[in-house]
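Visitor: Sending over a structure as structure tokens; questions will come in a sec.
Only the coordinates and a few stated rules stand behind these numbers; no lab work does. This one's a predicted model, so the numbers in the text were calculated from it and none came from an experiment. With ideal geometry, Cβ positions are generated from the backbone for all residues, glycine too; neighbour counts draw on all protein chains shown.
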Amino acid sequence: MLLLATEGELASPETIVEDVKTGMLQQQIEKVIPKLWSFAWCVVLALVVFFIGTKVIKGIIKLFHKAMERHSFDTGVETFLESVLRWICYIILLSIILGLFGITTTSISAAVAGLGVTIGLALQGALSNFAGGVLILLMHPFRVGDYIIEHSTNREGTVERINIIYTTLKMIDGRLVQIPNGTISATSITNCTSVTRRMFNETVGISYDSDIKKAKEIMLSIAEQQDHRITDEPIKVFVSELGDSAVQIGLRFWIETEYYWDTKWDVLEEIKDKFDKAGINICFNQLDVHIKEKDFE
């Protein structure tokens, strides 16, 4: 070093001045400058490669989407594969940039192998979610646009996106909920929109004093008036149960899935309105208390 004497001790000011006179400092600077220049050039080149690489990746993603559209792939498959492709492209770009600084692929592989156990433990949740996403795309329990109910947490909504780690649901109130693929693939799911038709199946309890036949006629007429009812399927109105305090009248008919909820709300409202007008009492839980008076002498 410049500031050390040959014996390893701190150099005196006179020695430093002598080294400057003889050109030792200039020689050290001349040795450092090429290295600094090489490093600066690598930094500039890395920035250029990163800029060009990101543009290339965006172009690859666009070509990928066009290819998916031409072959009419499922939207969930498309979004999932897009995430995987994007990760692979950026990993390749990172390897190229590290190579500019002299870090070879062999060195990177050795470092990853050395940290394999730690990385595996840290990412075991992410890996299980990735595997869950693959299962979802292979088994197709639901697709983007389906309305599902996830029973482990009783969350329900429309599937907005199936990503590499998460599935995004849009709730009825507009909130977006991300559920890990590992969780959603390992629990029971109800897919409410996987078919084009759905059965309306409701029961209404009326009092024993009410006219059962009249109640059945009203419910039948209400069902027949529904615009989105599937007419090639019969309407069933029946006594489903003779309960402790009510006669349960059932109503079943098939409806287009898209209009299921609107139809259900309208039918229930019409049943209540027409039952009231016809004098048919809809039963509800109530408690009657009878007090007996007793004379005490």
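Visitor: Under the Kirkwood approximation for Rh and a Cα-based Rg, what ratio Rg/Rh is obtained for segment 191-256?
Guide: Answer for segment 191-256: 1.04.
Visitor: Moving to a separate point now. Between segment 51-65 and segment 145-171, what is the separation of their alpha carbon centroids in Å?
Guide: A separation of 29 Å, based on Cα centres.
Visitor: How high is the FRET efficiency between Asn201 and Ile52 when r is their beta carbon distance and R₀ equals 45 Å, given to the nearest 0.05?
Guide: Values: r = 60 Å, r/R0 = 1.34.
Efficiency, from the Cβ-Cβ distance: 0.15.
Visitor: Now for a separate question. Show the residues, 5+ positions off or on another chain, whose built amide H is closer than 5 Å to the amide H of Val239.
Guide: Those lying under 5 Å, H to H, from Val239 are Gly250.
Visitor: Treating segment 227-297 as a set of equal point scatterers at the Cα positions, no solvent, please give the Debye-formula log₁₀ I(q)/I(0) at q = 0.17 Å⁻¹.
Guide: -0.85
Visitor: Here's another thing I want to ask about it. Counting other Cβ atoms within 10 Å, keep those with at most 16, restrict to DSSP loop, and tell me which trypsin sites (Lys or Arg not before Pro) in segment 167-243 are left. Numbers along the way, then the final one.
Guide: Numbers: sites: Lys170, Arg175, Arg197, Arg198, Lys213, Lys214, Lys216, Arg229, Lys236; in loops: Arg175.
Within segment 167-243, the qualifying trypsin sites (Lys or Arg not before Pro) (loop, at most 16 other Cβ atoms within 10 Å) are Arg175.
Visitor: What base-10 log of the normalised intensity I(q)/I(0) is obtained for segment 161-297 from the Debye formula, alpha carbons as equal point scatterers, at q = 0.10, 0.12, 0.14, 0.15 Å⁻¹?
Guide: Scattering profile of segment 161-297, log10 relative to I(0): -0.54, -0.68, -0.80, -0.86.
Visitor: Can you give the extra length, in nm with one decimal, that the chain gains between Tyr90 and Ile291 once fully stretched, where that is 0.36 nm per residue apart less the Cα-Cα distance?
Guide: Details: separation 201, 0.36 × 201 = 72.36 nm, distance 8.03 nm.
So the chain would gain 64.3 nm between Tyr90 and Ile291.
Visitor: Give a residue-ordered list of calculated ³J(HN,Hα) values for segment 271-282 (Karplus: 6.51 cos²θ - 1.76 cosθ + 1.60, θ = phi - 60°; whole Hz; x for Gly, Pro).
Guide: Per-residue couplings from phi come out as 4, 4, 5, 6, 5, 4, 5, 8, x, 9, 8, 8 Hz.
Visitor: Could you give the length gained on full extension between Lys213 and Asp227, defined as 0.36 nm per residue of separation minus the Cα-Cα distance, in nm? Don't jump to the answer; show the numbers that get you there.
Guide: Values: separation 14, 0.36 × 14 = 5.04 nm, distance 2.43 nm.
Here the segment from Lys213 to Asp227 would lengthen by 2.6 nm.
Visitor: Tell me the chymotrypsin sites (Phe, Trp or Tyr not before Pro) within segment 256-285 that lie in a loop according to DSSP and have at most 10 other beta-carbon atoms within 10 Å. Walk me through the intermediate numbers first.
Guide: Working: sites: Tyr259, Tyr260, Trp261, Trp265, Phe275, Phe284; in loops: Phe284.
Sites meeting the loop and neighbour criteria: Phe284.
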